[in-house]
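Here is the structure we will look at, set down as structure tokens.
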Amino acid sequence: MFVCTGYAAQDATTPLAPFTFERRDPGPLDVVIEITHCGVCHSDLHAVRNEWGNTLYPCVPGHEIVGKVTAVGAQVTRFRVGDTAAVGCLVDSCRTCENCRDGLEQYCARGGTGTYNGKDRVSGGHTFGGYSSHIVVTQDFVLRVPDSLDPAAAAPLLCAGITTWSPLRHWKAGPGKTVGVVGLGGLGHMAVKFARALGAKVVLFTTSPSKVEDGARLGAEEVVLSADAKAVAAWRSKLDLIIDAVAAPHDVNMYLNLLKRDCTLVQVGAPDRPLPVNVFSLLPNRRSFAGSIIGGIAETQEMLDFCGANNIVADIELIPIQDIEKAYERMLKSDVKYRFVIDMTSLPRAA
């Protein structure tokens, strides 16, 4: 075991604070990463405040991790000391169920191991995430970051990126397709970038007039204000795919009615209350309402390689770890364009 430092929540109401804990020494197939950057996901806030009712304390959040490999186990073949490596939302899975065998570890039938707040299959106890100095992960769940990418701006690709990439690929966004993106936040801005880079026409729907110009900058050919009923109705039955990235209650039926026949709205934002769906938004044109979470390891590597080839990263604001609570408060107000990333060199080292 070796000593790490991090920032942890001790309960649902106490601010995150410095925390010292131990990581396991690397086994034969493990990779040790010194974390340089960690993105801040809204899931981190849900977890530390126990808003989903399943938090294990102390909780060290963070699942958008980029850093440098500092040690590898004797049987590791995919990574060397000095490589830039990444870890996303999963650090393990059963690897034997049908979903895992199909490369869909995010849907592991026995439950994947979350990078934090998950049952640690190796060491026991629960996992600690990327708001920390180091992480130890089996090589099968470590990803390679292309050298062409800024590591800070690449960090959100490990969650915000793959969460939007996976449905765009699964539902075959590309040339000749018109893709709607609902919401321009951490997820939505990546959906716009990816859909455009894949060759689709992108139509952004936003409630914020202040984001119209930004939507166009990021790659949307059309930006529609959701409060403008006439402008929204102009897209009725014209979209091949919709990525709905809104994490607050909203009228999903308004957007379902914009789909062509046999097309799909994919919900990737996670509102805290159910979204009422009118069946008559689905029946007349055989439309589908679907959901999607992150992606498997191979798919995530595909996404990173695509980003490297096309120079795609997240729009970020870099912060020191000491400002994490301020970042959470700003995130609740949607006061970030479009993802906070922690500069982990700001983390105090163990005494």
Cross-link reach from Lys68 to aspartates and glutamates, straight Cα distance under 17 Å and at least 8 residues apart if same chain, gives Asp25, Asp30, Glu34, Asp83, Asp140, Asp147, Asp150, Asp343
Have a look at Phe79, Phe205, Phe194 and tell me which one the Gaussian network model of the chain (Cα, springs below 10 Å) gives the largest fluctuation.
Phe79
If one puts a single equal scatterer on every Cα of the stretch 98-209 and applies the Debye formula without solvent, what log₁₀ I(q)/I(0) results at q = 0.09, 0.14 Å⁻¹?
-0.33, -0.77
If one takes the longest principal axis of the Cα atoms in the chain, at what angle in degrees, from 0 to 90 and to the nearest 10, does the Cα axis of helix 297-310 lie?
70 degrees
Please calculate the 1.4 Å probe accessible area of Phe21, with all protein chains present, and give it to the nearest 10 Å².
10 Å²
With angles folded into 0 to 90 degrees, how steeply does helix 160-170 sit against the dominant principal axis of the chain? Use alpha carbons for both and round to 10.
50 degrees
Tell me the accessible surface of Thr20 in square angstrom (1.4 angstrom probe, heavy atoms of protein chains only), to the nearest ten.
90 Å²
Can you compute the charge dipole magnitude of the stretch 73-173 about its Cα centre, using +1 on each Lys and Arg Cβ and -1 on each Asp and Glu Cβ, nothing else charged? Give it in debye, rounded to the nearest 20.
200 debye
For the stretch 228-351, the fraction of alpha-carbon pairs in successive 10 Å shells from zero, as %
11, 26, 30, 23, 7, 2, 0
Answer in debye to the nearest 20: the dipole magnitude of the chain about its Cα centre, from +1 Lys/Arg and -1 Asp/Glu charges placed on Cβ, is 940 debye
Please state, rounded to one decimal and in Å, the Kirkwood hydrodynamic radius that the stretch 271-323 gives when every pair of distinct Cα atoms enters the mean of 1/r.
15.8 Å
What is the Cα convex hull volume of the stretch 152-229 when expressed per residue in Å³?
87 Å³
So how tilted is helix 186-197 from the main axis of the chain? Cα-based, degrees 0 to 90, rounded to 10.
70 degrees
Give, in nm to one decimal, the length gained when the segment between Trp52 and Val279 is fully stretched (0.36 nm per residue of separation minus the Cα-Cα distance).
78.9 nm
Can you give the % of DSSP beta bridges in the chain that are antiparallel, to the nearest 5?
55 percent
Cα convex hull of the chain - mean projected area over all directions, nm²
17.1 nm²
Order Lys119, Lys193, Lys260 by their accessible area, 1.4 angstrom probe, all chains in place, largest first.
Lys119, Lys260, Lys193
Apply the Karplus parameterisation 6.51 cos²θ - 1.76 cosθ + 1.60, with θ equal to phi minus 60°, to every residue of the stretch 41-54 and state each ³J(HN,Hα) to the nearest whole Hz, in sequence, with x for glycine and proline.
9, 4, 4, 4, 5, 4, 5, 5, 9, 6, 6, 9, x, 10
Calc'd 3J(HN,Hα), the stretch 208-225, phi into Karplus 6.51 cos²θ - 1.76 cosθ + 1.60 (θ = phi - 60°), Hz, glycine/Pro = x, comes to 10, x, 5, 9, 4, 5, 5, x, 5, 4, 7, x, 6, 7, 9, 10, 10, 7
Extension gain Arg236-Ile293, at 0.36 nm per residue separation less the Cα-Cα distance, in nm?
17.8 nm
Which of Gly188, Gly124, Gly103 moves the most in a Gaussian network model of the chain with Cα springs under 10 Å?
Gly124
In the stretch 70-142, carbon and sulfur make up what percent of the accessible area (probe 1.4 Å)?
45 percent
What's the local net charge at Gly39, with K and R +1, D and E -1, over the other residues with C-beta under 10 Å away?
-1
Can you sort Arg217, Arg330, Arg101 by 1.4 Å-probe accessible area, starting with the largest?
Arg101, Arg217, Arg330
For the stretch 54-207, whose charge dipole is built from +1 on Lys and Arg Cβ atoms and -1 on Asp and Glu Cβ atoms, the candidate among Leu157, Leu204, Gly185 with its Cα farthest towards the positive end is Leu204
Taking the Cα centroid of the stretch 295-309 and of the stretch 161-222, what is the distance between the two, rounded to the nearest whole Å?
18 Å
Rounded to the nearest 10 Å², the accessible area of Glu221 at probe 1.4 Å
100 Å²
Over the chain: helical MRE at 222 nm, DSSP H runs n ≥ 4 each giving -39500 (n - 2.57), nearest 500
-6000 deg cm²/dmol
Could you order Ser93, Ser148, Ser288 by accessible surface area, starting with the largest, using a probe radius of 1.4 Å?
Ser148, Ser288, Ser93
At a Förster distance of 35 Å, what's the computed FRET efficiency of Asp228 paired with His170, Cβ-Cβ distance as r, to 0.05?
0.70
What is the stretch 60-163 by shape, rounded, prolate or oblate, if you read a ≥ b ≥ c off the alpha carbon gyration tensor as root eigenvalues and call it rounded for a/c under 1.5, prolate for a/b larger than b/c, and oblate otherwise?
rounded
Write down the accessible area per residue of the chain in Å², having rolled a 1.4 Å probe over the full set of protein chains.
43 Å²
Under the rule a/c < 1.5 gives rounded, and otherwise a/b versus b/c splits prolate from oblate, where does the stretch 211-280 land using the Cα gyration tensor?
oblate
GNM top mover of Pro274, Pro175, Pro61 - the chain, alpha-carbon springs below 10 Å:
Pro274
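The values are calculated or read from the model by the stated rules, or taken from the named source; none is laboratory data. Computed from a predicted model, the values in this text were never measured in an experiment. Here Cβ is always computed from backbone atoms with ideal geometry, including for glycine, and neighbour counts include all displayed protein chains. Accessible surface areas use protein heavy atoms only, side chains included; no ligands, DNA or RNA. Shrake-Rupley method; radii C 1.70, N 1.55, O 1.52, S 1.80 Å.
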